[in-house]
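Right, one structure below, let's go through it.
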Amino acid sequence: MHRKPKFFLITLLAATAAGFSVPALSESEVNLYSARQEALIKPLLEKFTEETGIRVNLVTGKADALLKRLESEGRNSPADVLLTVDAGRLHRAKALGVIQAIDSPVLEAAIPASYRDPEGDWWGLSLRARPIMYARDRVNPDELESYEALVQDKWRGRICIRSSDNIYNQSLVASMIASDGAAAAEQWARGLVANFARPPRGGDRDQIKAVASGQCDIAIANTYYLGHMLASTDEAEQSAAEKLAIFWPNQDGRGTHVNVSGAAVTRSARNREEAVRLIEFLSTDSAQTWYAQVNYEYPVKSGVAWSPTLTDWGTFKADQVNLEVLGELNTEAVRIMDRAGWK
Amino acid sequence: MTSPSTGISTATAGPRSRWRLPDAWTAGVVITAALLALPVLTVFSFVFYPAGEVWTHLVETVLADYVRNSLALMVGVGVGTLLMGVTCAWLTSVCDFPGRRLFEWALLLPMAIPAYIIAFTYTGMLGFEGPVQSQIREWTGWGYGDYWFPEIRSLGGAIAMLSLVLYPYVYLLARAAFLDQSVAPLEVGRTLGAGRWRSFFTIALPLARPAVIAGVSLALMETLADYGTVQYFGVSTFTTGIFRTWFGLGDGAAAAQLSAVLMSFVLVLILIELWSRRRARFHQTGTGSQRSSRVVLVGVHRWSAFLACFLPLMLGFLLPAGQLAVWAVAAAPGMVDSGFLALALNSVTLAGVAALIVLVLALFMAYGKRVRGAFMTSAAVRIAGMGYAVPGTVIAVGVMLPFARIDNAVDSWMRDGFGISTGLLLSGTVFALLFAYSVRFLAVALNSVESGLARIRPNMDHAARSLGLSPGAVLRRVHVPLMSRTLLTAGLLVFVDVLKELPATLILRPFNFNTLAVRAYELASDERLADSSPAALSIVLAGIVPVILVSRAVTGPRRSRAPAA
């Protein structure tokens, strides 16, 4: 028995040594901090490696935590590329000075100006729309019009939406501030809370399921959740999703709220060239199609084929507000939701 | 907060505790504690930054909710774990009823299930859209609002979920204490005419109090640190508030100040515990081996006892694990790929190494406190254990900041002096991860080790010392062998906790390094519960073996004396 400690010690040393070893120094590689979860990015990265021979090292995590890590590691951070699933965090990364501008004719040609940073610091890669979803059997789409109109009395006790902790809701309210002003946005938030069918809980899928089961008639949720449910192997989930239809609000005005997932080259990047190539790869037609087919997100690049599901939902006009602005208004949005009692 | 350096012992009795220059043990304990307190102190240092008028905003809007919910959660989970833990521990320790053998170890199983996973599974089962309520609606033709059904995603639901996975801490420690109790005091009580109930409440329970309180305080600290469950259930507590303030409102200082308030909850807990013990001593005089035979329950008592033990097991383990298994069978073909084994291996190795490190640290600190019972060492040990009540993300940031600073300072120095860039030596390594685990889970091991040490009479130390052994040798040759089961228990508890740990792992891990918890979380957070179930179930399975070992370790003494059993 008394030999055990030695064995453990060796294991311990070995494990520690393994921890110290940095990613192997092969000829070309690129290090990625990704807020997009592994399952939704790995296949694309593998394809990139296959095509270019550049190895991709990956850490996934929550965007805020990755940003904090990037910030504290400073100029020695091993990360070359930061990938997030909302523009707010890209804006924050720029404000913190942890990303850098790149000059890429390929990206400029592929990505419309409204979905990238004016100075070239970050680049949108896919669009995530947050429209209204309604119960086909209980709501006539003619009754619907805009986000603003959801505060009407006829919707009392009929609306489901997730917690205001969620960045998608924060961005949505930020877009209301940008369009209608802070006072009107607060008024709106209060009205919306008054129309809640239940206190917010769960994620976007839960809101969709709540509509399907009759707890509420309307939900605000990102479309790709509905897409995943429609394609689910679980029959109950699939039939729940089929009870809902999408309504694109504010088509006569500014358009439906969208956010982007995007990427940026970090300031500390040592593999800058590979980093640019990776982002360029993510903007190619095949990668853009992949987003639509696998995660039901909208490609930023025009002319890229949509998946049948996206085609079914129809085309829509997207809010063209500069996404930088939403990042700047995020704090104010959270405060407004706190004051409105939006849990 | 009292800083260890200002602590001058006046309260504790005895000549040993008088102020003097720190010796090797004191210095060692204090330095280790300071290192382990570094992350918490780093976060605390933000307290002194001006937080602007965010506080006015918080006080006017959400702060009352945070306080109310956090307190309610603590009271609820405290009562829940106490009732389930102590009842089951007492029944399985001194009574005999159907299934008792099985319950002895099986009651620990809920410990293997991460709290946020049990929350997901119960929502899947009992939510409005779940099979139970759908069935009710189908039978009755009712719709939404026509009938009342307890809402699982609520404060009450969060209390239930956390109580179900945390009661094993109380059960484990209380049971160890009941089993170790020498039968003498109980029999004295009986001869003095105390009934079975009275002797439980007046003798057995008070004697087991340090262990029970240690168990409940572990459960409560874990409750305070919980983020996944309360966030999913939409219950605003301090933990969710910290994240909202930090990231949503973009105010790190105010978030740190909220963390400081959270820590003061913990300080109060610790003070209550210290006060409850005051100067009482709980050393056993016997070896606990001469217990008389079990009380064989008959009639209705038999089956009430069975039910009392079966319900926590069923609700805390059988139902959720069963649901996971059903989902996993459906999802496994798509989700269990070649990388899955690597995930499991990472998880188990990481948990094993972390458990060993934490165990050594805990033993060192607990023993240091025993041989140098001065205020300074006691305070240092307490502060080092506080990491358990701090949300993993906060600890992780507290690890990340100083490590990166050290790395960058070394790098600058090497660049200036030698023209070599050393890059990041500590940040983003397994070492950083292991350090974070040590900070976070020291309290788990510390509580077990301390209550184990407390049960060894000090005359053992005196005898060994008088035979010329150094304190270190006494630890090695007397205490460690005497407490081998306690140590095993402590190590395995940490093992299971690291296996379940998520937030720190997520932020601090190196490139291309994933664990089961990370995989389960990524899918579950995307509300792909079924897809996450193979990973979640693997965490549970990997945790079951150590949990059974823990149980055997606790039951050990009795078994070894009755080999026929």
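For the stretch B:338-457, what does the alpha-carbon gyration tensor say about shape, rounded, prolate or oblate, given a ≥ b ≥ c as the root eigenvalues, a/c under 1.5 as rounded, and a/b over b/c as prolate? Intermediate values should be presented prior to the final figure.
Details: a/c = 2.57, a/b = 1.47, b/c = 1.75.
It is oblate, given that a/c is not under 1.5 and a/b is not larger than b/c.
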Kindly state, as a whole number, the per residue volume in cubic angstrom of the convex hull around the alpha carbon atoms of the stretch A:190-254.
102 Å³
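Mind checking the alpha-carbon convex hull of the stretch B:113-260 and giving the volume per residue in Å³? It would help to have the intermediate numbers written out before the result.
Working: hull volume 24.6 nm³, N = 148.
So the per-residue Cα hull volume is 166 Å³.
Assigning unit charges at the beta carbon (Lys, Arg +1; Asp, Glu -1) and nothing else, what dipole magnitude in debye, to the nearest 20, does chain B show about its Cα centre?
Details: 42 positive and 28 negative charges, 640 e Å.
That gives a dipole near 3080 debye.
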Report the dimensions of the stretch B:106-180 along its three principal axes from the alpha-carbon atoms, largest first, rounded to Å.
56, 22, 20
Once the dipole of the protein assembly as shown is set up with Lys and Arg at +1 and Asp and Glu at -1 on Cβ about the Cα centre, which of B:THR202, B:LEU549, A:VAL304 lies farthest towards its positive end?
B:THR202
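If eta is 0.890 mPa s and T is 25 °C, what Stokes-Einstein diffusion coefficient results for the stretch A:62-163, Kirkwood Rh from Cα pairs, in µm²/s? Mind showing how you got there, number by number?
On the way: Rh = 17.1 Å.
Estimated diffusion coefficient is 143 µm²/s.
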What list of whole percents do you get for P(r) of the stretch B:376-520, with Cα-Cα distances grouped in 10 Å bins up to the one holding the largest distance?
10, 28, 27, 20, 12, 2
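So for the stretch B:459-516, Kirkwood radius off the Cα pairs, Stokes-Einstein at 25 °C and 0.890 mPa s: how many µm² s⁻¹? Intermediate results must be reported in sequence, preceding the final value.
Values: Rh = 14.4 Å.
Diffusion coefficient, whole number: 170 µm²/s.
Using only C-alpha positions, report the orientation-averaged shadow area of the convex hull of the stretch B:15-126, nm², one decimal. Display every interim value, and only then the final one.
Working: hull surface 60.3 nm².
With the hull built on Cα positions only, its mean projection is 15.1 nm².
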Computed helical MRE - 222 nm, chain A, DSSP H runs ≥ 4 contributing -39500 (n - 2.57), nearest 500:
-13500 deg cm²/dmol
Ratio for the stretch A:107-216, C-alpha Rg to 2.2 N^0.38 Å, reads 1.25
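So what's the stretch A:212-332 giving for Rg/Rh, alpha carbon basis, Kirkwood Rh from the mean inverse pair distance? If you can, show how the numbers build up before the last one.
On the way: Rg = 17.4 Å, Rh = 16.9 Å.
Here the Rg-to-Rh quotient is 1.03.
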Two pseudo-spin positions, 7 Å from Cα along C-beta at A:LEU96 and at A:GLN152, lie apart in nanometres by 4.3 nm
For chain B the mean separation of alpha carbon contacts under 8 Å (6+ apart) over residue count, i.e. relative contact order in percent, is 24 percent
4 °C / 1.567 mPa s Stokes-Einstein diffusion coefficient of the stretch A:248-308, Kirkwood radius on C-alpha pairs, µm²/s
95 µm²/s
May I ask for the equivalent-ellipsoid semi-axes of the stretch B:442-562, computed as the square root of five times each C-alpha gyration tensor eigenvalue and listed largest first in whole Å?
39, 18, 9
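Determine, for A:GLU186, B:GLU501, B:GLU138, A:GLU297, the number of other Cβ atoms within 10 Å of each Cβ, and report the residues in order from fewest to most. It would help to have the intermediate numbers written out before the result.
Details: A:GLU186 21, B:GLU501 24, B:GLU138 9, A:GLU297 27.
If I rank by nearby Cβ atoms, fewest first, I get B:GLU138, A:GLU186, B:GLU501, A:GLU297.
Please rank B:TRP25, B:TRP303, A:TRP306, B:TRP275, fewest neighbouring Cβ atoms within 10 Å first, as an exposure proxy. If you can, show how the numbers build up before the last one.
Details: B:TRP25 19, B:TRP303 13, A:TRP306 16, B:TRP275 8.
Least crowded to most crowded, the residues run B:TRP275, B:TRP303, A:TRP306, B:TRP25.
Considering every residue in A:35-47, what mean count of other chain Cβ atoms within 10 Å of its Cβ is obtained? All intermediate terms of the calculation are to be shown ahead of the outcome.
Numbers: counts 0, 1, 8, 6, 7, 2, 0, 1, 0, 0, 0, 0, 0.
The shielding value for this peptide is 2.
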What percent of all Cα-Cα pairs in chain A falls in each 10 Å bin, counting up from 0?
5, 24, 30, 22, 12, 5, 2, 0
Point-to-point label distance, B:ASP23-B:ALA64, nm (Cα→Cβ direction, 7 Å offset)
5.6 nm
On C-alpha positions alone, give me the angle between the axis of helix A:272-282 and the longest principal axis of chain A, in degrees, nearest 10.
40 degrees
With label points built 7 Å along Cα→Cβ from the Cα atoms of B:SER412 and B:VAL336, find their separation and express it in nm.
5.2 nm
Stretched fully, the stretch from B:VAL296 through B:ARG198 gains (0.36 nm per residue minus C-alpha distance, one decimal, in nm) 33.5 nm
Please give the FRET efficiency for A:GLU51 paired with A:ASP142, using the beta carbon to beta carbon distance and R0 = 60 Å, rounded to the nearest 0.05.
0.80
Cα gyration tensor of chain B diagonalised, 5x eigenvalues square-rooted, in angstrom largest first, produces semi-axes 35, 35, 23
Largest-first semi-axes in Å of the equivalent ellipsoid built from the Cα gyration tensor of the protein assembly as shown are 49, 34, 25
The stretch A:79-124: mean projected area of Cα convex hull, nm²:
3.2 nm²
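Taking other Cβ within 10 Å of each residue's Cβ, how do A:HIS228, B:HIS462, B:HIS479 sort, fewest first? The partial results should precede the final answer.
Values: A:HIS228 21, B:HIS462 11, B:HIS479 24.
Sorted ascending by nearby Cβ count, the order is B:HIS462, A:HIS228, B:HIS479.
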Cα pair distances exceeding 11 angstrom across the stretch B:420-462, given as percent
74 percent
MRE, 222 nm, helices only [DSSP H, n ≥ 4, -39500 (n - 2.57), over chain B, to nearest 500]:
-23000 deg cm²/dmol
Going by Cα centres, the stretch B:476-532 and the stretch B:121-143 are how many Å apart?
34 Å
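The numbers here are math on the coordinates, done by the rules we state, and not lab data. Note that this is a predicted model, so its numbers are computed, not measured. Positions of Cβ are generated from backbone atoms using ideal geometry, with glycine treated the same way; all protein chains shown enter the neighbour counts.
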